[in-house]
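Following: one structure in structure tokens, then a few remarks.
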Amino acid sequence: MTKFEDIKGFIFDLDGVITDTAVFHTQAWHQIADEVGVQWNVQLGDALKGISRMDSLELILKHGNKETLFTEAEKLSLATTKNNNYLMLVQQMTSANILPGITDFLADLQSHNYQLALASASKNSPLVLEKLGLSSFFQKAVNPATLKHGKPNPEIFSRGAELLNLNPAQCIGVEDAAVGVESINAANETSIGIGDPEILADANINFEDTTRLTLANIKFSMNR
Ligand code: B16
Ligand code: MG
């Protein structure tokens, strides 16, 4: 495994790592699933983590065997309704929605001169960062609208390293979704998975939650 001393940059997922918008995404999609008569369950909600808006809708429709019942225009309208529901929830966000330990970790990374980039699949990430008061940490962010492939494809994390002018081996990617960890690994970066170690079994380093995300813990995990 890469040595901690080789690391120069950190590439962050947003939803589920910096803030728990996963709850809001889930709530907004659940509403759409009810609207189109698709039975919701927790596994379906989990499967949507890190997946782009239109791909999420396709997954929901497929789950209810309804993938052929809607025209492209109807699908677009459903996705827009979901996003409007989601944006209403985002409007209520403040710095209180930052996950525990994240602000201190970002400040510590900055004071140690690590480079930071955002690699979120969400087109709403600039707004969410602004609501959280964290925009200034992320001068560099991959624009998901410019990507050809979603996670688990490595494109988004590879682009993150390019934005930082670093080699992949100099970067750590931080993710809460299994598809995100796959994306980091395929980009040849070091992966940190935040959450259930069984779901994130492929991560190079696993932390149960964001309070464990410190430079000391990462150094210990990489150099042992
Ligand atoms: P939007 P991440 C992802 O963000 C979310 O995990 C996923 O649930 C969501 O569908 C996707 O962004 C697209 O979001 O509809 O706001 O463009 O985890 O990659 O930061
Ligand atoms: Mg995520």
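The values are calculated or read from the model by the stated rules, or taken from the named source; none is laboratory data. Please read these numbers as outputs of a predicted model, since none were measured by experiment. Counting neighbours? That spans all protein chains shown, and the Cβs are built from the backbone with ideal geometry, glycine included. Each accessible area value is taken on the protein alone, full model and side chains, heavy atoms only, with ligands, DNA and RNA left out. Shrake-Rupley method; radii C 1.70, N 1.55, O 1.52, S 1.80 Å.
Please work out if K82 is more than 16 Å from ligand 2 (Cβ to nearest atom), touching a residue at least 40 places away in the same chain (Cβ under 8 Å) and within 30 Å of L164 (Cα to Cα).
no
Which numbered condition in (1) open to solvent by 20 Å² or more (accessible area, probe 1.4 Å); (2) within 25 Å of A187 (Cα to Cα) is the only one that T103 fails?
Every condition holds for T103 apart from (2).
In segment 189-198, is there at least one residue being touching a Pro at 6+ places or on another chain (Cβ under 8 Å), surrounded by fewer than 21 Cβ atoms within 10 Å (Cβ to Cβ) and closer than 19 Å to T19 by Cβ?
Step one: of segment 189-198, the residues touching a Pro at 6+ places or on another chain (Cβ under 8 Å) are 189.
Still in the running and surrounded by fewer than 21 Cβ atoms within 10 Å (Cβ to Cβ): none.
No, segment 189-198 contains no residue that is touching a Pro at 6+ places or on another chain (Cβ under 8 Å), surrounded by fewer than 21 Cβ atoms within 10 Å (Cβ to Cβ) and closer than 19 Å to T19 by Cβ.
Please specify each residue of segment 119-141 satisfying the condition of being closer than 23 Å to K82 by Cα, open to solvent by less than 20 Å² (accessible area, probe 1.4 Å) and not polar (S, T, N, Q).
Hits for segment 119-141 are A119, V128, L129, L132.
Kindly list, by first and then second residue, each pair from a residue in segment 170-188 that is in contact (Cβ under 8 Å) with a residue 60 or more places away in the chain and among the acidic types (D, E) to a residue that is assigned to a helix (DSSP H, G or I) and open to solvent by less than 50 Å² (accessible area, probe 1.4 Å), limited to pairs with Cβ atoms under 8 Å and residues at least 6 apart or on different chains.
Going by the 8 Å Cβ cut-off, the qualifying pairs are E175/V181; E175/S183; E175/I184; D176/A22.
Would segment 165-177 turn up any residue that is outside any loop (DSSP other than H, G, I, E, B), open to solvent by less than 40 Å² (accessible area, probe 1.4 Å) and over 17 Å from T2 (Cβ atoms)? Let's see the steps before the verdict.
Pass one, segment 165-177, residues outside any loop (DSSP other than H, G, I, E, B): 168-175.
After this cut, where a residue has to be open to solvent by less than 40 Å² (accessible area, probe 1.4 Å) as well, the list is 171-175.
Then drop every residue that is not over 17 Å from T2 (Cβ atoms), which leaves none.
No: zero hits.
Select from segment 199-224 the residues that are part of a helix (DSSP H, G or I) and small (G, A, S) and write down the one among them that is least open to solvent (accessible area, probe 1.4 Å). So that I can check it myself, show each step before the final result.
Of the residues in segment 199-224, the ones part of a helix (DSSP H, G or I) are 210-212, 215-223.
Keeping just the survivors that are small (G, A, S) gives 216, 221.
Numbers: A216: 72, S221: 19 Å².
My answer is S221.
Give me the pairs: first residue in segment 4-27 and in contact (Cβ under 8 Å) with a residue 12 or more places away in the chain and of a type in the set (A, V, I, L, M, F, W, C), second residue open to solvent by 30 Å² or more (accessible area, probe 1.4 Å) and more than 9 Å from ligand 2 (Cβ to nearest atom), beta-carbon distance under 7 Å, and six or more apart or on different chains, which are they?
Between residues of segment 4-27 that are in contact (Cβ under 8 Å) with a residue 12 or more places away in the chain and of a type in the set (A, V, I, L, M, F, W, C) and residues that are open to solvent by 30 Å² or more (accessible area, probe 1.4 Å) and more than 9 Å from ligand 2 (Cβ to nearest atom), the close pairs are F4/K219; F4/N223; I7/Q170; F10/Y114; I18/L99.
Identify, from the list S183, S125, S135, S191, the residue that is away from ligand 2 (no atom under 16 Å from the Cβ), modelled with pLDDT of 95 or more and among the hydroxyl-bearing types (S, T, Y). Spell out the reasoning first.
Numbers: S183 fails: away from ligand 2 (no atom under 16 Å from the Cβ); S125 fails: away from ligand 2 (no atom under 16 Å from the Cβ); S191 fails: away from ligand 2 (no atom under 16 Å from the Cβ).
Criteria check complete, one pass: S135.
Using beta carbons and a limit of 7 Å, which pairs, at least six apart or on different chains, have the first residue in segment 49-60 and modelled with pLDDT of 95 or more and within 14 Å of ligand 2 (Cβ to nearest atom) and the second one open to solvent by less than 40 Å² (accessible area, probe 1.4 Å) and among the aromatic types (F, W, Y)?
S56/W29
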